[in-house]
Amino acid sequence: MAGTTGVFNGSNLGVYFDGVLIALGKSHTLNINADEMDVTSKDSALWGEFRPVVKHWDISCDHLMKLDGTNNVDALTDKLIAGTSVALKFSTKHSGGSTHGDNYWYGTAYVVSISMNAAQNEPASFTANFKGTSTLTNATRT
């Protein structure tokens, strides 16, 4: 978050699905990984060597359940069942924390799992997991 200074408050980050913030977020995780190719040889002086090859990313998020609005658990479930990709963005929220110069990440992904939880006398919640199917791009808010 280049534009924001000091310790950054995680409450200012959110996951956007098809351009709209998924409401009532509690936590969000962006994972970026690279598979490894072993290139150790007799010339490696007994040290293992590797090169990164296929890169992949995923996002998981926990939210309180909201049934009204456009980007809710029902919409995500519909995308999962239909096998339709979504445009995702991991970013500072547009209101209450968005700063000129902040970085954000975006790409196309599929909803790969949804888990809904409803304990007695507690707010209903859901967890959604997305797996990227395109390049994850880093950009700067202007």
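The values are calculated or read from the model by the stated rules, or taken from the named source; none is laboratory data. The shown structure was predicted, so the numbers you read here are calculated from the model rather than taken from an experiment. Cβ sites come from the backbone with ideal geometry, for glycine too, and all protein chains shown count toward neighbours.
Structure summary
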{"quantity": "Among residues of the stretch 89-115, those that are within 14 Å of Cys61 (Cα to Cα) and modelled with pLDDT under 95, counted", "calculated": "3"}
{"quantity": "All positions within the stretch 36-52 that are exposed (fewer than 11 other Cβ atoms within 10 Å of the Cβ) and either in contact (Cβ under 8 Å) with a residue 24 or more places away in the chain or assigned to a strand (DSSP E or B) (or both)", "calculated": "Asp38, Arg51, Pro52"}
{"quantity": "Candidate set from the stretch 74-92 (those that are under 16 Å from the mean Cα position of the chain (by Cα) and β-branched (Val, Ile, Thr)); member that is farthest from Leu30 (Cα to Cα)", "calculated": "Val86"}
{"quantity": "So Lys55, is it at pLDDT 90 or above and surrounded by 14 or more Cβ atoms within 10 Å (Cβ to Cβ)", "calculated": "no"}
{"quantity": "The listed residue being touching a Cys at 6+ places or on another chain (Cβ under 8 Å) and modelled with pLDDT of 90 or more, out of Ala118, Ala128", "calculated": "Ala128"}
{"quantity": "Within the stretch 102-128, tally of residues that are more than 14 Å from Ala75 (Cα to Cα), out of contact with any His (no Cβ under 8 Å at 6 or more places or on another chain) and buried (at least 17 other Cβ atoms within 10 Å of the Cβ)", "calculated": "6"}
{"quantity": "The stretch 76-90: number of residues that are out of contact with any helix residue (DSSP H, G or I) (no Cβ under 9 Å at 6 or more places or on another chain) and buried (at least 17 other Cβ atoms within 10 Å of the Cβ)", "calculated": "6"}
{"quantity": "Test for Phe17: is it touching a Phe, Trp or Tyr at 6+ places or on another chain (Cβ under 9 Å) and at pLDDT below 90", "calculated": "yes"}
{"quantity": "Members of the stretch 64-75 that are in contact with a strand residue (DSSP E or B) (Cβ under 8 Å, 6 or more places away or on another chain), surrounded by 14 or more Cβ atoms within 10 Å (Cβ to Cβ) and under 13 Å from Phe17 (Cα atoms)", "calculated": "Asn71, Val73, Ala75"}
{"quantity": "Strands (runs of 3 or more DSSP E) (entirely within the stretch 103-142) containing at least 1 residues that are over 17 Å from the mean Cα position of the chain (by Cα) and under 20 Å from Leu24 (Cα atoms)", "calculated": "103-117, 125-132"}
